[in-house]
Amino acid sequence: MGYSLWNDRIVADNEVVIDKEDRGYQFGDGIYEVVKVYNGQLFTAEEHVDRFYSSAEKIRLTIPYTKDKLHQLLHQLVEANEINTGHIYFQITRGATPRNHIFPGDDVLPVLTGNAKENPRPVANFENGVKATFVEDVRWLRCDIKSLNLLGAVLAKQEAHEKGCYEAILHRGDIITEGSSSNIYGVKDGVLYTHPANNLILNGITRQVILKCAAEIGMPVKEEAMTKEQLLAMDEIIVSSTTSEITPIIDVDGQAINGGQVGEWTRKLQAQFETKIPAPINA
Ligand code: DCS
């Protein structure tokens, strides 16, 4: 058994009690984050905490803790669970109150929970690449919010899974938006293409790191939407997220990408990303 974050405390997992009328449980009325832990250290925690506050603001939820306090709690969560390489998950809901769509009053406090998991990096995927499939993007129009409402993502990922694929590449009509739990990129003639960070995608923290990596290795970036046809004509395709890091896609619906091989630009980006991973503190 491990330790959980519960509001402003770290407690034993079995101490956490969630009300059946918690609005997260009934409405998905809340937001979340996933942060990677490398060598016992949170990666890009600043950016994740900033996005957590920004998602909360977009749904008009006031987090009753300062960012500093939250950072402190997240560090304690990693330490209590003695995580070396893995990730933490945390979420906040609009609190527990008799079911009613209308927001509760200020007397109802938001409920913050979190947990940490040891989880190895999926290095075989980084090395060999994965398969993906196209799925229609039927989610709402505020995909920039890291909402607890993940039905669209769950249904898309399940469809991909049932087709033997790692990820669903979502498209609105002909336009590629992102993955069910990731961002999508194409590489053509050494240029990196990805959907602009607007309301139709989540602006991934890994996406932001990758755009930095691209600049550092002199790779031009175009934040432009691609059609399905354009994506299939790319030299290389990549999927990214906190846990997937930079994962190459080598097959889309049975069509081989780059002859089914991981491409050279993907390798360069992976190598640059690797330089940013925090080393063990006592190394
Ligand atoms: N787009 C969607 C829809 C996501 O759910 C995620 C991450 C991303 C993009 C990539 O964002 P990050 O680079 O900031 O992770 N989804 C999280 C999740 O649900 N599990 O792991 C990451």
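The values are calculated or read from the model by the stated rules, or taken from the named source; none is laboratory data. Nothing here was measured: the structure is a model prediction, and the numbers come from that model. Note that each Cβ is placed from the backbone with ideal geometry, even for glycine, and that neighbours are counted across all protein chains shown.
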query: Within the stretch 42-54, is there a residue that is away from the ligand (no atom under 16 Å from the Cβ) and at pLDDT 95 or above?
result: no
- request: Kindly provide the set of residues from the stretch 177-194 that are under 15 Å from LEU211 (Cα atoms) and outside any strand (DSSP E or B), ordered by number.
  value: GLY190
query: Which residues, taken from the stretch 53-102, are of a type in the set (Val, Ile, Thr), in contact (Cβ under 8 Å) with a residue 60 or more places away in the chain and part of a loop (DSSP other than H, G, I, E, B)?
result: ILE59, THR97
Within the stretch 202-283, helices (runs of 4 or more DSSP H) holding 2 or more residues that are surrounded by 22 or more Cβ atoms within 10 Å (Cβ to Cβ): 205-216, 264-274
- prompt: So which residues in the stretch 23-49 are of a type in the set (D, E, K, R) and surrounded by 20 or more Cβ atoms within 10 Å (Cβ to Cβ)?
  reply: ARG23, ASP29, GLU33, LYS36
- request: Could you identify the single residue in THR227, THR242, THR177, THR206 that is modelled with pLDDT of 95 or more, of a type in the set (S, T, N, Q) and over 27 Å from GLY28 (Cβ atoms)?
  value: THR227
Residue that is within 16 Å of the ligand (Cβ to nearest atom), touching a Gly at 6+ places or on another chain (Cβ under 8 Å) and either free of Cβ contacts under 8 Å to residues at least 12 places away in the same chain or among the hydrophobic types (A, V, I, L, M, F, W, C) (or both), where the choices are ILE237, ILE201, ILE246, ILE184: ILE237
- prompt: Does LEU5 count as part of a helix (DSSP H, G or I) and either of a type outside the set (Gly, Ala, Ser) or within 16 Å of the ligand (Cβ to nearest atom) (or both)?
  reply: no
query: With ILE238, ILE277, ILE246 as the choices, which residue is on the phi < 0 side of the Ramachandran plot and in contact with a Leu (Cβ under 6 Å, 6 or more places away or on another chain)?
result: ILE246
